[in-house]
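In what follows, a single structure is set out as structure tokens and then discussed.
The values are calculated or read from the model by the stated rules, or taken from the named source; none is laboratory data. Because the structure is predicted, anything quoted here is derived from the model rather than measured. Here the Cβ is made from the backbone with ideal geometry for all residues, glycine too, and neighbour counts use every protein chain on show. Only protein heavy atoms, including side chains, enter the accessible area calculation; ligands, DNA and RNA are left aside. Shrake-Rupley method; radii C 1.70, N 1.55, O 1.52, S 1.80 Å.
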Amino acid sequence: MTVAPTLSDRPAPSAAAPLREDGVPRHDWTQAEIEALFDLPFTELLFRAATVHRLTFDPTEIQLSQLLSVKTGGCAENCGYCSQSSHFDTGLKASRLMDPAAVIAQAKVARDGGAQRFCMGAAWRDLKDRDVPALAEMIAGVKALGLETCATLGMAGLSQMQALKAAGLDYYNHNLDTSEADYARVVTTRTYQERLDTLETVRQAGVKVCCGGIVGMGETRAARAGLLLALATLPAHPESLPINALVPIPGTPLGDSPPLDGLEFVRTVAVARLVCPRAVVRLSAGREGMSRELQALCFLAGANSMFVGGKLLTTPLPGMDADQQMLADLGLRPMGA
Ligand code: SAM
Ligand code: DTB
Ligand code: SF4
């Protein structure tokens, strides 16, 4: 008598394993392997990502970060997505570097509202020595509140980064944004190699790396895979990996981009979880336009961080009340709480 094959007898769709047998993350991913992950059946991809998420984190915990734009607009770079570039007329009012006391006061409000990490962003091509003392004062003050500190200030030199580290900087955000091949379509005033060099400087100073990119800029799936390839083949994976969904800004070259399909966004999160299994994967820009159900799929796919507090740098977020309600309804709690 022949026995009918059961579901479990079927071969699993092929795609490379994310962790070596000894549990160490791989750094030797290839473009073909990452594209094969993207091509998996959706539910198979999510199952694999959710499985790896449980090996490396408590999947019921979500890290909560809050941003503040400490210096807004008038930036010399031409990043084609950005409201703050002086190359495009976006109607944004530029302002000078904030006073440290005002930044620290806002960090206190963020902490009391439930944020665990406070990220200070400046619309600069690169950090200038004259601004380092004020930034060090902000970082020290934010750290003294018991918050983790993060800054994103453009390119920076080693001695500058060491000064920020000495002041209490935990993380530095500097994104690759897209794949190397796709990059010149988006930015031409700074090279991909300059971004990689800045990441190396951050590492040398002993500051943790927050590095990710943007999807929904009209890129191909191969470009999304190429971004994740660049991140997964860094000498050390980023500790924090933000996935931004483009917030189209009228007046910028990418202002008319159609939104990326939600399932493709979830696939990107899942593949990020698989190729950088120990990174905290953050839902970053664009969450304002996402349903709670789509965000829940992202958490299932391995996202375990999000920005909270009603505003990113210049664009809105759902707001703390809506976010607290969503987390409560999903049974998720702040990391470490
Ligand atoms: N000037 C610094 C820099 O570029 O590194 C720091 C601030 S910059 C706004 C930080 C990151 O935000 C960018 O690298 C990009 O990935 C993301 N971002 C900026 N504008 C965005 C938008 N409209 N939609 C989605 N992500 C965006
Ligand atoms: C990151 O990857 N996303 C955040 C943070 N790092 C600095 C910034 C998102 C900015 C979205 C557009 C805005 O609010 O201006
Ligand atoms: Fe400037 Fe950063 Fe905006 Fe690029 S993303 S234009 S560097 S503020």
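Computed values, structure above
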{"quantity": "Potential lengthening between ARG96 and ASP39 on full extension [0.36 nm per residue; Cα-Cα distance subtracted]", "calculated": "15.9 nm"}
{"quantity": "Spin-label pair THR51/GLN204, simplified geometry with 7 Å Cα→Cβ offset, distance in nm", "calculated": "4.1 nm"}
{"quantity": "Zero-based 20 Å bins, Cα pair distances in the chain, whole percents", "calculated": "32, 60, 8, 1, 0"}
{"quantity": "Inter-label distance, nm, simple model (7 Å from Cα along the C-beta direction), HIS87/LEU330", "calculated": "3.4 nm"}
{"quantity": "Amide H within-cut-off set for ARG26, under 5 Å, with H built and near neighbours excluded", "calculated": "ARG20"}
{"quantity": "Euclidean distance of C-alpha centroids, the range 69-110 and the range 231-288, integer Å", "calculated": "21 Å"}
{"quantity": "Beta bridges by DSSP in the chain, antiparallel share as percent, to the nearest 5", "calculated": "5 percent"}
{"quantity": "Over the range 81-181: Rg over Rh, Cα atoms, Kirkwood Rh", "calculated": "0.98"}
{"quantity": "Built amide H within the under 5 Å cut-off of THR152, gap 5+", "calculated": "MET120, GLY121, ALA122, ASN173"}
{"quantity": "Top of VAL187, VAL109, VAL269 by mean-square fluctuation, Gaussian network on the chain, Cα under 10 Å", "calculated": "VAL109"}
{"quantity": "Peptide ranges 61-72, 140-151 listed from the most packed, as the mean C-beta count within 10 angstrom indicates", "calculated": "61-72, 140-151"}
{"quantity": "Cα-centred dipole magnitude for the range 190-337, charges only on beta-carbon of K, R (+1) and D, E (-1), debye, nearest 20", "calculated": "360 debye"}
{"quantity": "Counting all C-alpha pairs of the range 184-337, share separated by more than 25 Å (%)", "calculated": "31 percent"}
{"quantity": "Percent accessible area from carbon and sulfur atoms, the chain, protein chains only, probe 1.4 Å", "calculated": "56 percent"}
{"quantity": "Cα-derived Rg over Rh, computed across the range 132-208 with Rh taken as Kirkwood radius", "calculated": "1.04"}
{"quantity": "Taking the chain and dividing mean pair separation by its residue count, relative contact order in percent (alpha carbons under 8 Å, at least six apart)", "calculated": "23 percent"}
{"quantity": "Of LYS108/LYS165; LYS71/LYS128; LYS93/LYS311; LYS165/LYS208; LYS128/LYS165, pairs whose Cα-Cα distance is over 19 Å", "calculated": "LYS108/LYS165"}
{"quantity": "Order by protection proxy (mean Cβ within 10 Å, highest first), peptides 157-164, 277-284", "calculated": "277-284, 157-164"}
